[in-house]
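Trainee: Dumping the structure here so I can ask a few things about it.
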Amino acid sequence: MAGVGTQKVFENDRVVVWHLDLAPGELGERHTHELDYVVRVLTGSTLEVFGPSGELLDTVELESGGAVSFHVDGDRIVADRPGYPVVPATHSARNIGANTFREVLIEFKK
């Protein structure tokens, strides 16, 4: 199974920092979140989110400059943003927007 980002750029005893880039039309690899995390969106886009079996769950718009934190709750992840979909901890995403989606994702070790 893939990591939660495109490239791990830092890790210490408290955090893991990832970059994630998805080109228009690109489907990211299926991955599982085991740690709470926050994302900082560098370049926003529209993403389709797929469940562990490849089923389409929802479509989300992530805006440039935004940030969202997520809590792992059993086998699902819950965002701090009202109205944001609850999705399985194991999922993938496809960029259906016109520009490359870029984010920095920071996982918090327990």
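Quick note: the coordinates plus some simple rules give every number you see, no bench work behind them. Fair warning: this is a prediction, and the values are worked out from it, not measured in the lab. Neighbour counts are summed over all protein chains in view; Cβ atoms, including those assigned to glycine, are modelled from backbone coordinates with ideal geometry.
Trainee: Could I have the simple spin-label model distance between V9 and A89, label points 7 Å from Cα toward Cβ, reported in nm to one decimal?
Mentor: 2.6 nm
Trainee: Explain nothing, just the number: relative contact order of the chain, from Cα pairs under 8 Å at least 6 residues apart, as a whole percent.
Mentor: Here the relative contact order equals 39 percent.
Trainee: Whole Å is fine, so just give me how far the alpha carbon centre of segment 1-28 lies from that of segment 60-102.
Mentor: Segment 1-28 and segment 60-102 have Cα centres spaced 14 Å from each other.
Trainee: Can I ask one more? Calculate the all-directions average of the projected area of segment 7-108's alpha-carbon convex hull, and give it in nm².
Mentor: Result: 6.0 nm².
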